[in-house]
Amino acid sequence: MKINKHYMDIEETYLFSEVAERVRKFMAENHGAALIKMGIGDVTRPLCPAAVEALIKASEEMGTAEGFHGYGPEQGYEFLRDEISDYYERNCGVKLFSDEIFISDGAKSDLGNILDIFDVDNVVAVTDPVYPVYVDTNVMAGRKIVKLSATSDNAFLPMPFPGLEADIIYLCSPNNPTGAAYDRQRLQIWVDYANEHGSVILFDAAYESFISDPDVPRSIYEIEGSRSCAIEFCSFSKTAGFTGVRCRYTIVPAGLVRDGVQLRKMWLRRQTTKFNGVSYPVQRAAAACLKDAGHKQIMENIAYYKENARIMAETFEELKWPFTGGKNSPYLWVRCPGGMKSWAFFDDLLSRANVICTPGAGFGECGEGYVRFTSFNTHDNTIEAMKRIREIFS
Ligand code: PLP
């Protein structure tokens, strides 16, 4: 018996355990310090009333003979797929067919599982810094990975360059961790590249609902030619606070064909074989978040986080700390002052301001010298954290 040796090639990312360890040590030496976590990658606002109501109603239905639901369709209930297709039309003028939409329990799973339909010999391009799931899932399979540097020189938005040979391209926009977002022109260049080279773009739109800039597309399908080269992943996690509820969707357009095969059909085959669907109450709750009342409620939560991001951006501007993100994203990617390295600045901020951020070096080599702040804390804590930072660094 042989194990998959590629698992030995996965680099241990000590990022969050190292953050936790440094915080634990600091607290042991500084009892009672009032810490503020500005590195949180999870939402904190409660579920909106429309989602809660739908969860209760659907659970009650499940307790009746007429309303009981057993295994659902692997691709997701039609009521939710129709709601998503309406949402795309309203939100960004994109028309999707219901059979191009696949409901699942999360991005991590879909972003990893989609690789089942691609050969191991494909070359993968990811940005650096990067959401680690894109890298680790491909290392597990033994694929070659090319890194595209995201630096201040390219506004943290890497572009194709002469000689780039990539079969699978991960684009996350708005980006985690940098908060940078591709505008239409830049995204068009990627779509043209993918169509010319026969590549497939895996477009992660998990933070789509944070976009306020009209030049930034909410879906890659706003870009001409994208239906023949892109798969889009989107989630209710950050949009509707579903990180603990679990519901997501992946779009594989009918026009996406490689090696003479429709990838939509391959993905359907994969899902019907290895996945048994998302629970009925959860899909009802997700659908409720896209209807008028529910959507208004979830957007109030997004506005709450965006106001936090605005407060942070104002502080960093005042301090003249270069940063990106925060406008179309819950993340702000901040250059450490005085040329400090990521971990040195993390320690300094922790000890002097009792504020926790996330060291950028943990997201890739190009993250060195940066830290990530998130807008997922409360208004009061965000204001207090920024006050402390201003007092120390002004
Ligand atoms: N994609 C990105 C870029 C993320 O930052 C995250 C979570 O932080 C996910 C996907 C995970 O989403 P889900 O909760 O749907 O698995």
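Of the strands (runs of 3 or more DSSP E) that lie entirely inside the stretch 131-206, those containing 2 or more residues that are surrounded by 20 or more Cβ atoms within 10 Å (Cβ to Cβ) span 168-172, 200-204. With respect to the conditions (1) buried (at least 21 other Cβ atoms within 10 Å of the Cβ); (2) part of a loop (DSSP other than H, G, I, E, B), residue 238 falls short on a single one, namely (2).
The conditions of being more than 26 Å from residue 122 (Cα to Cα) and either within 14 Å of the ligand (Cβ to nearest atom) or free of Cβ contacts under 8 Å to residues at least 12 places away in the same chain (or both) are not met by residue 203. Sub-8 Å Cβ pairs linking a first residue in the stretch 125-136 that is farther than 11 Å from residue 366 by Cβ to a second residue that is small (Gly, Ala, Ser) and more than 11 Å from the ligand (Cβ to nearest atom), at least 6 apart or interchain, are 125/166, ordered by first then second residue. Residue count for the stretch 209-219, restricted to those that are buried (at least 24 other Cβ atoms within 10 Å of the Cβ) and touching a Pro at 6+ places or on another chain (Cβ under 8 Å): 1.
Does residue 245 satisfy the condition of being among the hydrophobic types (A, V, I, L, M, F, W, C), open to solvent by 20 Å² or more (accessible area, probe 1.4 Å) and within 16 Å of the ligand (Cβ to nearest atom)?
Considered against the rule, which asks whether it is among the hydrophobic types (A, V, I, L, M, F, W, C), open to solvent by 20 Å² or more (accessible area, probe 1.4 Å) and within 16 Å of the ligand (Cβ to nearest atom), residue 245 comes out as yes.
For the stretch 258-268, the criterion of being outside any helix (DSSP H, G or I), polar (S, T, N, Q) and either within 16 Å of the ligand (Cβ to nearest atom) or under 21 Å from the mean Cα position of the chain (by Cα) (or both) is met by no residue.
Test of understanding: among 261, 257, which residue is more than 20 Å from residue 327 (Cα to Cα), touching a Ser or Thr at 6+ places or on another chain (Cβ under 9 Å) and surrounded by fewer than 21 Cβ atoms within 10 Å (Cβ to Cβ)?
The conditions single out 257.
If you go through the stretch 83-103 one residue at a time, do you hit one that is assigned to a helix (DSSP H, G or I), open to solvent by less than 20 Å² (accessible area, probe 1.4 Å), within 16 Å of the ligand (Cβ to nearest atom) and modelled with pLDDT under 95? Taking every residue of the stretch 83-103 in turn, none turns out to be assigned to a helix (DSSP H, G or I), open to solvent by less than 20 Å² (accessible area, probe 1.4 Å), within 16 Å of the ligand (Cβ to nearest atom) and modelled with pLDDT under 95. Remark: pairs (first residue in the stretch 105-117, more than 18 Å from residue 244 (Cα to Cα); second residue of a type in the set (Lys, Arg) and open to solvent by 50 Å² or more (accessible area, probe 1.4 Å); Cβ separation under 8 Å; 6+ apart in sequence or on different chains) = 113/274; 116/274.
The values are calculated or read from the model by the stated rules, or taken from the named source; none is laboratory data. These figures come from a predicted structure and were not determined experimentally. Please note: Cβ atoms are built from the backbone with ideal geometry, for glycine as well, and neighbour counts cover all protein chains shown. For the accessible areas, the whole protein counts, side chains as well, though only heavy atoms, and no ligand, DNA or RNA atoms are used. Shrake-Rupley method; radii C 1.70, N 1.55, O 1.52, S 1.80 Å.
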